[in-house]
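K.L.:
Attaching a single structure in structure tokens format; questions to follow.
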Amino acid sequence: MLIPELSKTPRRNRDLLVIPRYAGSKRRHWPLIVGHGHYDAIIEPFAGGGSLSSRFATTWPAGAVFAADQNGCVRAVWQCWADPGLHEAVYQAMDALIATILAEFSASLDYLGYTMAELSPRPAREAIALKTAVLLPETWPALKAEYEAGLAVVDIADPARLAAVALALHAVTFGGVSRDTPGSEALNISPNYGQLEKLATAKWRYAFPPAPGRISVGRHWEEAIAHLEASSCSQALAIVDPPYWLPYTPGTRRRGTGGMTPAYPGHRPHDPATLAMAVDSARRLAGSDKVRRLVVTNYFSAELDSHLGELASFVGLHIQRLDLGLLAGLNKTRAAVTRARDTAWILSREKPVSYYQEELNLWAS
């Protein structure tokens with residue numbers, strides 16, 4: 001396999017993602033999420049891949065971004081995005097990691113005499129073994145261990161290195177997922193040979209998207225809200241896109257267990273604390289006079305719908321619910337059995353228009 005010469009491959013970020021291939025991106029829903037308002041800030045208490053904040057930064061370059069994430073690896077990428085002085089260090093560290101990964105990947109395939117086409121139809125169990133034990137026997141365990149060590153870190157000593165580790169790991173896993181095993185801090189993920197092949201034939205390298213005038217990054221969602229409250233901003237777009245929650249029902253039939261599969265480290269899809277996290281953060285933001293429009297995204301459930309309806313009524317905000325369909329990449333192939341719908345609840349000071357009128361207004365503007 002031919003490995004690209006990274007030094008001659010241009011950098012670009014046309015997709016405007018802080019972390020490419022991060023599970024649960026809402027970038028394709030940006031027009032409906034932003035509406036036709038104008039904002040001086042965006043707040044994402046659950047930062048994740050940053051598709052909405054980076055899009056905000058290109059739309060309102062002078063605006064402010066307030067974010068938080070408990071995952072230290074994700075937070076490191078955001079901290080580096082906020083500091084252009086660290087960009088080159090991230091690029092160099094990431095290029096070195098990718099080059100090492102691709103070199104071992106190529107050597108493994110050459111040694112085994114496999115082509116990617118021959119690998120694809122192999123039985124699932126054997127294919128999984130090939131991903132971990134054969135394709136990246138040395139680099140993958142080391143990369144995963146470094147990511148695991150950074151998950152709970154509070155003060156990040158070397159953000160450029162940790163950011164490079166996070167970007168490299170998400171680049172090679174299936175769907176960009178970084179889930180763990182419940183009851184364990186160990187990541188339950190593997191490199192994906194399709195992604196490795198894409199990396200090996202890529203014609204571009206990662207670049208940070210343009211940064212806004214100000215970025216504040218905290219560890220807990222309450223920190224992000226506190227930073228917004230202390231600012232001079234008064235027209236904020238608030239996005240509550242937390243780890244998703246659903247009540248446990250055997251009918252969901254995910255992997256035969258009845259449970260939804262976690263998508264992030266520490267994600268517990270049926271834990272009451274996961275629901276409380278969504279409701280509590282929405283309640284804080286809905287009561288803030290700094291917020292002009294609040295968008296909450298999650299799987300639809302009667303419990304969450306009731307909480308948000310009562311919240312909107314209590315604080316005097318208009319509310320609109322939009323069905324975003326099946327969450328792409330996570331449960332799309334299980335459409336017949338999951339019954340989980342990705343949903344957006346929009347709470348705003350302005351009276352909402354219909355879903356179709358919203359789209360017409362956006363096209364007209």
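K.L.:
Do any residues in the stretch 56-78 that are over 16 Å from Ser232 (Cα atoms) have Cβ atoms under 6 Å from those of residues that are among the hydroxyl-bearing types (Ser, Thr, Tyr), where the two are at least six apart or on different chains, and which pairs are they?
P.N.:
Pairs that qualify, where the first residue is over 16 Å from Ser232 (Cα atoms) and the partner is among the hydroxyl-bearing types (Ser, Thr, Tyr), are Cys73/Tyr147.
K.L.:
Please return the ranges of strands (runs of 3 or more DSSP E) entirely within the stretch 246-365 where 2 or more residues are on the phi > 0 side of the Ramachandran plot and modelled with pLDDT of 95 or more.
P.N.:
none
K.L.:
Follow-up question, since we're still on this one. Of everything in the stretch 92-102, what is over 20 Å from the mean Cα position of the chain (by Cα) and crowded, with 18+ Cβ neighbours inside 10 Å? Give them in sequence order.
P.N.:
Ala93, Asp95, Leu97, Ile98, Ile101, Leu102
K.L.:
Same structure, new question: Scan the stretch 216-235 residue by residue and report those that are buried (at least 24 other Cβ atoms within 10 Å of the Cβ) and either small (Gly, Ala, Ser) or assigned by TED's automatic domain parsing to the domain that holds Arg179 (or both).
P.N.:
Scanning the stretch 216-235 gives a single hit, Ala224.
K.L.:
Would you mind stating whether Ser51 is free of Cβ contacts under 8 Å to residues at least 60 places away in the same chain and touching a Leu at 6+ places or on another chain (Cβ under 6 Å)?
P.N.:
yes
K.L.:
Hey, another quick one. Restricting to the stretch 131-148, count the residues that are surrounded by fewer than 23 Cβ atoms within 10 Å (Cβ to Cβ), part of a loop (DSSP other than H, G, I, E, B) and not acidic (Asp, Glu).
P.N.:
Number of matching residues: 1.
K.L.:
Residues of the stretch 149-173 being more than 17 Å from the chain's Cα centre (by Cα), among the hydrophobic types (A, V, I, L, M, F, W, C) and not in a loop (DSSP other than H, G, I, E, B), which ones?
P.N.:
Ala149, Ala160
The values are calculated or read from the model by the stated rules, or taken from the named source; none is laboratory data. Keep in mind that what you see is a predicted model, and the values were worked out from it rather than measured. Positions of Cβ are backbone-derived with ideal geometry, glycine not excepted, and every protein chain shown enters the neighbour counts.
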